[in-house]
1. Among the residues of region 168-182 satisfying the criterion of being part of a loop (DSSP other than H, G, I, E, B) and among the polar types (S, T, N, Q), which is modelled with the lowest pLDDT?
2. Checking the condition of a type in the set (A, V, I, L, M, F, W, C), over 21 Å from the mean Cα position of the chain (by Cα), at pLDDT below 90 and in the same structural domain as M149 (by TED's automatic domain parsing), which residue from L252, L235, L218 passes?
3. Considering only region 117-125, I want to know if a residue exists there that is crowded, with 20+ Cβ neighbours inside 10 Å, touching a strand residue (DSSP E or B) at 6+ places or on another chain (Cβ under 8 Å), under 27 Å from R202 (Cβ atoms) and at pLDDT 90 or above.
4. For R196, indicate whether it is of a type outside the set (A, V, I, L, M), buried (at least 17 other Cβ atoms within 10 Å of the Cβ) and assigned by TED's automatic domain parsing to the domain that holds D213.
Amino acid sequence: MGKNPLNEINMDMVNELLDSLADGPCNIAISVLKRTQKVALKYKKKTGLNVPFIFDTDRRKMGKRTRKVEDLPGFISFLQDNERYKSYKNAMMAQLLYGTRAQELNELKWCEVKGDIIQVPWQRLKTKHIADKPNHDDDDLILPVMPAMKNILDQQKGFSDIFVFPQLNNDRPMSNGCGYITLGRSNFKNSSHDIRRTVASRLRVELNATVDDIDLILNHSVGTVNDSYIQGTPLERKRKILSIWHNYIDSLMTETGVQNHG
């Protein structure tokens, strides 16, 4: 952004800066952006003048937002229209498809993709209460590889021999900061957890999914899901619910002319 006065810096300049840093580790881009914004916020507080490129980086102030259904086609289109950040956007698309927490798929390894399932080790789950159990054979998160996810996996081949969603030019897993940078450049000022919240909300409001179904998809309260509602195995039930959810996403995309992700 050079020697431009702070009040003349705009998002185009910020995007140009991020593009110049895009091939390096995400933490460099985040550090530069946060330092610049810190100076800008001080400038705004001191002068009362607005700085066009400032956006809130404090997740605690973002509040609990659920993306409205009309935003979903645009959000999906955003995840597909930029090849430079394709790996990061594919990771967020996978989160939207499965309703997972960011770290559960951001750090996905190829060795965890086992045929028609993905096996996420329990250590990456929000299940600290089971850490002291002597046996964790049933504690991993098992996800069925749906057609849309198979398409994403095919796109990610060749980026890394270890991680499915690596950082750009860096054989390390995608961090939450990579998602922050990617979403920060868009009109969608939500956190990665808002993607998860959106899945839960749309399943309940638009598709009339039961609370138990939603808990199963979101992997809430591991080991406490009521067995009485499950038709067949939990994996079969997940596959059925996810199929309904993915068809719903496809229908939104078809209505608005967004290219199908599957």
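1. Among residues in region 168-182 that are part of a loop (DSSP other than H, G, I, E, B) and among the polar types (S, T, N, Q), the one modelled with the lowest pLDDT is N169.
2. L235
3. Yes - at least one qualifying residue is present in region 117-125.
4. yes
The values are calculated or read from the model by the stated rules, or taken from the named source; none is laboratory data. Note that the structure is predicted; figures quoted are calculated from it, not measured. So basically every Cβ, Gly included, is an ideal-geometry build from the backbone, and we count neighbours across all protein chains shown.
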